[in-house]
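Q: Below is one structure. I have some questions about it.
The values are calculated or read from the model by the stated rules, or taken from the named source; none is laboratory data. This is a predicted model, so every value here is computed, not measured. Positions of Cβ are generated from backbone atoms using ideal geometry, with glycine treated the same way; all protein chains shown enter the neighbour counts. Ligands, DNA and RNA are excluded from the accessible area calculation, which covers all protein heavy atoms including side chains. Shrake-Rupley method; radii C 1.70, N 1.55, O 1.52, S 1.80 Å.
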Amino acid sequence: MTGTTRPRRPSRLAEAAGAAPHFHGHRQRLRERMLDAGADKLPEYELLEVLLFANDPRRDMKPLAKALIDRFGDLAGVLSAEPEALAAVAGMRPAGVAGLKAVREAALRLKWAEVRDREVIGSWDKLIDYCSAQIAHSKVEEFPELCSRLT
């Protein structure tokens, strides 16, 4: 076989019982639940599981998602972890590490977009939110330089 994969067969026990395995269609159900109810309704480990779908296109990501949260404390801790620390977790692959780092960067850019074109004095709460998101989980102490535009 070149370039083709065979579909996975259900377990013999599932075949004997005439039922599909419990995980059959799990990713699709999780995607649908996220889109129907909203991502904010998912527990952290399920949101992380969706983010990890790129890590392995076939394997169940729930155990890996839970292991990452156990290791790093919460979703923010996972997203803020160093790439080497993420890669050290059993089951993490480069695609998963890159995906998680991309999500963190996208979140930071979204936060920055909220304050970038506004007067700093007029949006202190959003500026504080951005700074908190940027440095809250950093392993190295940072001091962001904030400048205002003179017009």
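Q: Do we find that Ile121 is among the aliphatic types (A, V, I, L, M) and at pLDDT below 65 in this structure?
A: yes
Q: Criterion first (closer than 18 Å to Leu42 by Cβ, part of a helix (DSSP H, G or I) and either touching a Ser or Thr at 6+ places or on another chain (Cβ under 6 Å) or open to solvent by 30 Å² or more (accessible area, probe 1.4 Å) (or both)) does Val78 satisfy it?
A: Spelling it out, it is not the case that Val78 is closer than 18 Å to Leu42 by Cβ, part of a helix (DSSP H, G or I) and either touching a Ser or Thr at 6+ places or on another chain (Cβ under 6 Å) or open to solvent by 30 Å² or more (accessible area, probe 1.4 Å) (or both).
Q: Filter the range 11-55 down to residues that are outside any helix (DSSP H, G or I) and at pLDDT below 85, then give me how many there are.
A: Just the residues of the range 11-55 that are outside any helix (DSSP H, G or I), to begin with: 11, 18-25, 38, 42-43, 55.
When the remaining residues are screened for being at pLDDT below 85, the result is 11, 18-25, 38, 42, 55.
Residues flagged as outside any helix (DSSP H, G or I) and at pLDDT below 85 within the range 11-55 amount to 12.
Q: Please give the number of the condition Ala113 fails out of (1) open to solvent by 80 Å² or more (accessible area, probe 1.4 Å); (2) at pLDDT below 95.
A: Result: Ala113 passes all but (1).
Q: Can I ask one more? What are the pairs, 6+ residues apart or on separate chains, where a residue within the range 35-53 that is of a type outside the set (A, V, I, L, M) has its Cβ under 6 Å from a residue that is at pLDDT 85 or above?
A: Glu44/Leu75; Tyr45/Ala65; Tyr45/Lys66; Tyr45/Ile69; Glu49/Met61; Glu49/Lys62; Glu49/Ala65
Q: Suppose we keep only residues that are in contact (Cβ under 8 Å) with a residue 24 or more places away in the chain and assigned to a helix (DSSP H, G or I) within the range 81-96. Which one would you say is surrounded by the fewest Cβ atoms within 10 Å (Cβ to Cβ)?
A: Ala95
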